[in-house]
Amino acid sequence: MRSRVGQTIQAYARDHQSLYWFTIVLFTMGIIFGAVLVNSLPLSQKQELNGFLQYFFNSLSTQGIPETTTHFQEAFGHYAKTIGIMWVLGLSIIGLPMILLMLFLKGVVVGFTVGFLVNQLQWHGVTFALLGVLPQNLLVVPALFIVGVSGISFSLRLIKTRLVSKRDVIMPHFVGYTALVICMLAVLTMAALFETFVSPRLMQIVLN
């Protein structure tokens, strides 16, 4: 059983290798764009964001996250909505470019967040990004990659089935695609728990 699962994973990775490389490059471009975007912000917007950042730091160092249940619900809701949208987009032929755009924008958000922290706090910003931003994204980003690549693959299969040939049976692929999305939802649930209960403690260590 274990060897069969391993063979299935290896076959999946081999079949989708080119798509994974493409999405990784796209995500990296988003990170670079987000980091560059920090330097192009007007001084007034930088000051406004810095004021919000200082308020967040002060609140976190004194109170932590008081409403942990609410924070978890918001984090989980955001992740669930994101992969839900990606799942729906993967079910349509026209959704393929939108999935790519969502992965690119995720890269922009990560790049902008880390870039702004480093820009404002220098080495302290690097430490804060490593402990406060990176850990949960080690779960979130691969999960989004897997959902995104699966959605792109299913969308390409729809194109092949509808436009090129009608011999392929789509239902088994739909079931596999949906099951994979559900598995990644479980991973994102762990990311939301980590973001709610562990990341604030790590951030407090840096702040103190």
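The values are calculated or read from the model by the stated rules, or taken from the named source; none is laboratory data. Computed from a predicted structure; not experimentally measured. Cβ: placed from backbone, ideal geometry, glycine included. Neighbour counts: every protein chain shown. Side chains included, ligands, DNA and RNA excluded: accessible areas come from the protein's heavy atoms. Shrake-Rupley method; radii C 1.70, N 1.55, O 1.52, S 1.80 Å.
Anything in the chain that counts as a DSSP H helix reaching 30 Å or more along its axis (C-alpha) with Kyte-Doolittle mean of at least 0.5? List them, would you?
Qualifying helices: 17-39, 96-121, 134-159, 171-197.
Expressed as a whole percentage, what fraction of the accessible surface of the chain belongs to carbon and sulfur atoms when a 1.4 Å probe is rolled over the protein heavy atoms?
On the way: 8630 of 12430 Å².
On the chain, the fraction of accessible area on carbon and sulfur atoms equals 69 percent.
Quote the relative contact order of the chain in percent (integer), defining contacts as alpha-carbon pairs under 8 Å separated by 6+ residues.
On the way: 198 pairs, mean separation 70.0, N = 208.
Worked out over the chain, it gives 34 percent.
If you take the beta carbon distance between Val198 and Arg162 as r and set R0 to 45 Å, what does 1/(1 + (r/R0)^6) give as a FRET efficiency, to the nearest 0.05?
Details: r = 45 Å, r/R0 = 1.00.
Using R0 = 45 Å, I get an efficiency of 0.50.
Residues of the chain: accessible area per residue at 1.4 Å, in Å²? Intermediate values should be presented prior to the final figure.
Working: 12430 Å² over 208 residues.
Result: 60 Å² per residue.
Assuming 0.36 nm per residue, please report the length gained on full extension of the stretch Val25 to Met190 beyond their Cα-Cα distance.
Details: separation 165, 0.36 × 165 = 59.40 nm, distance 2.59 nm.
So the chain would gain 56.8 nm between Val25 and Met190.
When only C-alpha pairs under 8 Å and at least 6 residues apart count, what is the relative contact order of the range 101-208, in percent?
Answer for the range 101-208 is 36 percent.
What's the longest uninterrupted piece of the chain once you rule out the trypsin sites (Lys or Arg not before Pro) that are loop residues per DSSP with at most 13 other Cβ within 10 Å? Don't skip to the end; give the middle numbers.
Details: sites that count: Lys166, Arg167.
In the chain, the maximal stretch lacking such sites is 1-165.
Which of the peptides 172-183, 25-36 is most tightly packed, and how do the rest follow, judged by the mean count of other Cβ atoms within 10 Å per residue? Kindly include the intermediate steps, with their values, before the conclusion.
Numbers: 172-183: 14.3, 25-36: 16.8.
Top of the packing list down: 25-36, 172-183.
Springs between alpha-carbon pairs under 10 angstrom, Gaussian network model over the chain: which of Ser44, Ser59, Ser18 fluctuates most?
Ser44
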